[in-house]
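Here's the structure we're looking at; comments come further down.
The values are calculated or read from the model by the stated rules, or taken from the named source; none is laboratory data. Since the model is a prediction, treat every value here as computed from it, not as a measurement. Don't worry about glycine lacking a Cβ; one is built from the backbone with ideal geometry, like all the others, and counts go over all protein chains shown. With ligands, DNA and RNA removed, areas are computed over all heavy atoms of the protein, side chains included. Shrake-Rupley method; radii C 1.70, N 1.55, O 1.52, S 1.80 Å.
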Amino acid sequence: MTARQLTGAYNYGYGVHSPTTTLRIDAGAYVGGVGVYTPAADSGAYTVVNDGQIVTAGLYVGVTLDHGGAVTNGGGANTSALIQGLGGVAIAGASGAVTNFGTVAATFRDGVYLGDGGSVANGGGLDTTALIHGYAGVQIYRGAGTVTNSGTISGYHSGVAESNGGVVTNGSKHGTTALIYGGTGNYYVSYPTEKGVNSFGVVMRAGPGVVTNYGTVAGGGGVGLYGGGVVTNGSQGDTSALIETIGELPAVLILGASGSLANFGTVAGAVQMNAGGSVTNGGLGDTSALIETIGAGRAVLIRGASGSLANFGTVAGDVLMYAGGSVTNGSHGDTGALIQGSGIGVYIGGGGGTVTNLGTVTGSYGIVLNAGGLVTNGGVGDADALIQADATSVGVGLYRPGAVVNFGTIAGGTAVSFASAGDGERVDPGRGQQSGRRGIADRGRIPHRSRRGQPGACRVAGVRRRRDPEQFRLDHRGGRPERRRRPPDRRGGFEAGRPGAGRRRNA
């Protein structure tokens, strides 16, 4: 290895070439002009270590390596190192690596651009002031990328953008101040596609992607994974983690393949999965976890394939599954779990559904299983479980064959509604009760009974027989369900209300 050390001022730039393999720029040194670059005739992959200042003029990038290589800006004891230009650091031709402890700033292009994959580490250890900023803070093309951030990565457009999936870790269990921030430009189309939406805190245009956040990820959307993947927000020991939308995109959007979200902190904005997937909100040791839509509308939307939600905290907004699935709200040790819908607490259509509620589910309509299934409200040791609908709506509606098993309370204008005689069964094994003007409604006989060997019987306030039962057809734009014969809106998409409205953070 041959090293070259710069100690003075190089006002016109510096071209690194063979036989030099490592270029070191001292703390007092300065490189201006066209910055540090590899000459066109050279094909080497070089290492640049900057402890001084690289500030380019006009249309030049701070450091340009055309055949791969590595750049280190500053160090643990030197956070004042600076790379600045039209673009910050650009490495192409082969994999690149950038480690920054100071500032990498671009006035128009990307802060760090890796044209053929690679890795970026921003800050680390006790250095939480490291900054990378540009049109995209970090842009990684072609090869998969790995980004680790302990400081701040921000972009006018996106914070971190990767074209072929990869891994992004923001902060750590002991480093919760880390921030990845994307702007709000080009941020709304009715049905997101790769070409139409990039303005996220973290976006991966193909997948799969893995995003782990212990700090804050925010942008026009929070996290967008266009090839499926896994998002983890916080941990059992870090409930302050935040993924937030400041535009009209979802806080978490996963397309193209199945996805999963494990949230232990706050997701401020909708969660949308267009190829099925699973959502876990909190855990037995974390009941403060929050998923909250901005304004009225959907908090969790899963379509394209079966979905699942396990909620131990609070979901403030509708839970909608368009291809069947399951919802578990609370546990025998967590009866405070809450799903608080503005239109429907839980809707499952397009396939059978299973809902187990040990906490509270509320909404204009409580629970609707449009393709039938099973609703279990409470348990032997949980008579406080509650499904609550408006006084003019349905607590539980099953519109294909199914059953309702109730140990707690189901309340609404109609407590339980089945589509037709023989389609459903209501079982109250013990203290379960329902309240409503019409009790249970269907077109024929109501087969309600107590289970053999268990005390008590179903309490029925009244039965209303209907020749033309109310069927549900969900308006895909969110909000209240439409009644029979009105076709659904099939434009898809999402709406998250006005930016900045009604956000809450964990206690």
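So what's the net charge close to THR335: Lys and Arg +1, Asp and Glu -1, counting the other residues with Cβ under 9 Å from its Cβ?
For residues surrounding THR335, the net value is -3.
Rounded, prolate or oblate: which one fits region 62-184, using the alpha carbon gyration tensor with axes a ≥ b ≥ c (rounded when a/c is under 1.5, else prolate when a/b beats b/c, else oblate)?
The shape class here is rounded.
Rounded, prolate or oblate: which one fits region 309-351, using the alpha carbon gyration tensor with axes a ≥ b ≥ c (rounded when a/c is under 1.5, else prolate when a/b beats b/c, else oblate)? Kindly include the intermediate steps, with their values, before the conclusion.
Details: a/c = 3.33, a/b = 1.52, b/c = 2.19.
Taking the square roots of the gyration eigenvalues as a ≥ b ≥ c, region 309-351 is oblate.
How much length is gained if the chain between LEU284 and THR177 is pulled fully straight, taking 0.36 nm per residue apart and subtracting their Cα-Cα distance, in nm to one decimal?
Going from the current span to full extension adds 36.0 nm.
In whole percent, how big is the carbon plus sulfur part of the accessible area of region 166-324, probe 1.4 Å, protein atoms only?
55
Which whole-number percentage describes the relative contact order of region 3-158, with Cα contacts under 8 Å and a sequence gap of 6 or more?
15
Would you pull out the residues with amide H under 5 Å of VAL31's amide H, same chain only if 5 or more places away, H placed 1.01 Å from N?
TYR10, GLN53, ILE54, VAL55
What whole-number value in Å² describes the accessible area per residue of region 115-273 for a 1.4 Å probe?
29
Which order do the peptides 100-109, 36-45, 409-418 come out in when sorted by mean C-beta neighbours inside 10 angstrom, highest first?
Ranking, from highest mean packing down: 409-418, 100-109, 36-45.
Rounded to the nearest whole Å², what accessible area per residue is found for region 294-406 with the 1.4 Å probe? Mind showing how you got there, number by number?
Details: 2860 Å² over 113 residues.
In whole numbers, region 294-406 has 25 Å² accessible per residue.
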